[in-house]
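Here is the structure we will look at, set down as structure tokens.
The values are calculated or read from the model by the stated rules, or taken from the named source; none is laboratory data. This is a predicted model, so every value here is computed, not measured. Cβ: placed from backbone, ideal geometry, glycine included. Neighbour counts: every protein chain shown.
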Amino acid sequence: MRGVDVSSDLVEFAFESQAADDLTPETLTRLARQSWSGNVRAGLTGELRLEDGRFFQVVEGRCADVLRLAARIIADSRHCDIRVLAFRALPARRHAAWTVQGFDLGAAPAEAPRATPANLHFLQARAAARALELGRSAS
């Protein structure tokens, strides 16, 4: 990203994709748990949501960490028709933790963070991106 120090600057990466047709419920559960575990370990915050066979994800963290994750996601065959909604510098984190929604996780890890009102901005960003596609204001 031009003008951003990849070693320390805070960035946001948001995308949506179609889940591959051959993903079983077990594969989706494993993906959600791996996402939560790996992103918490890497110090990333944000949200992964599965809705009607589509992934919606927003990730925020150090630029170098987010770039590595974005490259893995783009190469991941579980994601089809990836559409990047945002990749931008952030002045501060908008998410307090990492959350996953829309997955049947059974018993989530005890320390798994829950959705917070701060995560609602993701839905607003998605609505704004769709409004831009349609050439209208997102109000």
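Observations on the structure shown:
- Scanning region 28-44 for residues that are surrounded by 13 or more Cβ atoms within 10 Å (Cβ to Cβ) and not small (Gly, Ala, Ser) returns 28, 29, 30, 31, 33, 36, 39, 40, 44.
- Residue check for residue 77: in a loop (DSSP other than H, G, I, E, B), loosely packed, with under 13 Cβ neighbours inside 10 Å and either in contact with a Lys or Arg (Cβ under 7 Å, 6 or more places away or on another chain) or modelled with pLDDT under 55 (or both): no
- Hey, residue 64 aliphatic (A, V, I, L, M) and either closer than 16 Å to residue 87 by Cβ or surrounded by fewer than 15 Cβ atoms within 10 Å (Cβ to Cβ) (or both) or not: yes
- Set side by side, the residues 32, 64, 14 differ, and just one is part of a helix (DSSP H, G or I), at negative phi and at pLDDT 90 or above, which is 64.
- Among the residues making up region 5-36, those that are under 20 Å from residue 68 (Cβ atoms), of a type in the set (Ser, Thr, Tyr) and touching a residue at least 60 places away in the same chain (Cβ under 8 Å) are 17, 35.
- Pairs meeting the criteria (first residue in region 56-76 and within 16 Å of residue 92 (Cβ to Cβ), second residue in a helix (DSSP H, G or I) and of a type outside the set (A, V, I, L, M, F, W, C), beta carbons under 9 Å, at least 6 apart or on different chains) are 58/119; 58/121; 58/126; 59/39; 59/65; 61/39.
Okay, residues lined up against (1) within 24 Å of residue 21 (Cβ to Cβ); (2) aliphatic (A, V, I, L, M):
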residue	(1), (2)
38	no, no
48	yes, yes
57	yes, no
65	no, no
77	yes, no
